[in-house]
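Worksheet: the structure to be examined is printed underneath.
The values are calculated or read from the model by the stated rules, or taken from the named source; none is laboratory data. Bear in mind the structure is a predicted one, so any value in this text is a computation, not a measurement. Each accessible area value is taken on the protein alone, full model and side chains, heavy atoms only, with ligands, DNA and RNA left out. Shrake-Rupley method; radii C 1.70, N 1.55, O 1.52, S 1.80 Å.
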Amino acid sequence: MTTCCVDYDGRNVVGDLRKQTLMEVLESAPARRIRDSFGRLVPPTEFCRDCLGGPTLAVSAIKQVTSVALALRDRVASRKDYARTAVPLPVRDNGGA
């Protein structure tokens, strides 16, 4: 299991789902190190430092700003708007019982 969809060569491997459960991989030392690094806004590996999320500096900056904006939006906005999706249940006639 790798941390990135463009890591075709497996440079950021954090575990092997054939030998570990998903929770074991996510709680592994490499996964924690990468998560902590991203939490400090520091690219965790050389691969991440080279890529920065895009092929050019401009694309990378746009992706990073968009990612932060979406995260902020999700924290501010309600996660679900259940009122819009509510469908009234049909009323069943019990024949006067």
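Using 0.36 nm per residue and subtracting the Cα-Cα separation, the extra length available between residue 51 and residue 67 on full extension is 4.2 nm.
Carbon and sulfur: what percent of segment 1-64's accessible surface (1.4 Å probe)? In segment 1-64, the share of accessible area belonging to carbon and sulfur is 63 percent.
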